[in-house]
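First up is the structure itself, then whatever we jot down about it.
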Amino acid sequence: MPLSAGRTRGGVMTWAKKSAEPSADPVNDSDWDEKVLKSDLPVLVDFWAPWCGPCRMIAPLVDELAEEYKGKLKAVKLNTDESPTVATEYGIRSIPTVMIFKNGKKMDTVIGAVPKQTLAQTIEKYIDE
């Protein structure tokens with residue numbers, strides 16, 4: 001990832017990563033079936049809301065994983081405030097919640113802001129080599 005101009009902080013030069021475009025597609029109640037349940041690839045779904053601090057913490061991780069598993073996994077994000085029907089259907093009571101779907105079925109759930117490695121290990125169980 002490209003680096004932006006460095007800044008001095010406490011006498012130490014730091015470099016900030018430029019933010020990349022989100023790699024996970026938005027999904028909502030109306031296109032849920034098409035983008036998630038009918039997908040040929042396993043799908044990672046990030047259930048989130050804009051006011052949720054921990055959701056904003058894992059959002060870049062979800063985008064990084066979407067890039068790393070491109071072609072093996074599809075990643076989507078569902079805003080629970082804008083799409084309450086799907087969130088209710090899958091019993092989302094706490095966000096962030098990440099679910100893995102394969103062949104139209106919910107396979108796994110990870111609740112909370114977890115490390116990237118935890119999400120990667122969950123993904124690895126469901127992708128085809």
* To do: Only one of these is under 13 Å from the mean Cα position of the chain (by Cα) and touching a residue at least 40 places away in the same chain (Cβ under 8 Å): Leu65, Leu37. Name it.
  => Leu65
* Can you name the residue in the range 17-28 that is in a loop (DSSP other than H, G, I, E, B) and at pLDDT below 95 and, of all such residues, is farthest from Ala59 (Cα to Cα)? -> Lys18
* To do: Within the range 25-79, track down each residue that is surrounded by 19 or more Cβ atoms within 10 Å (Cβ to Cβ) and among the hydroxyl-bearing types (Ser, Thr, Tyr).
  => Tyr69
* Yes/no for Lys102 being surrounded by fewer than 18 Cβ atoms within 10 Å (Cβ to Cβ), modelled with pLDDT of 95 or more and of a type in the set (Lys, Arg) -> yes
* Looking only at helices (runs of 4 or more DSSP H) that fall completely inside the range 45-129, which ones have 3 or more residues that are more than 21 Å from Asp31 (Cβ to Cβ)? -> 53-68, 116-124
* Asked: When you look at Arg93, is it under 12 Å from the mean Cα position of the chain (by Cα) and open to solvent by 40 Å² or more (accessible area, probe 1.4 Å), yes or no?
  -> no
* Structure fact -> Quick count over the range 105-118, residues being out of contact with any strand residue (DSSP E or B) (no Cβ under 6 Å at 6 or more places or on another chain) and open to solvent by less than 70 Å² (accessible area, probe 1.4 Å), is 5
* Asked: Taking the stated definitions as given, is Glu124 farther than 16 Å from Trp32 by Cβ and either surrounded by fewer than 17 Cβ atoms within 10 Å (Cβ to Cβ) or not hydrophobic (A, V, I, L, M, F, W, C) (or both)?
  -> yes
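The values are calculated or read from the model by the stated rules, or taken from the named source; none is laboratory data. The structure displayed is predicted, hence computed values, not measured ones. Glycine gets a Cβ as well: all are built from the backbone with ideal geometry, and neighbour counts include every protein chain shown. Note: accessible area is taken over every heavy atom of the protein model, side chains too, but ligands, DNA and RNA are not part of it. Shrake-Rupley method; radii C 1.70, N 1.55, O 1.52, S 1.80 Å.
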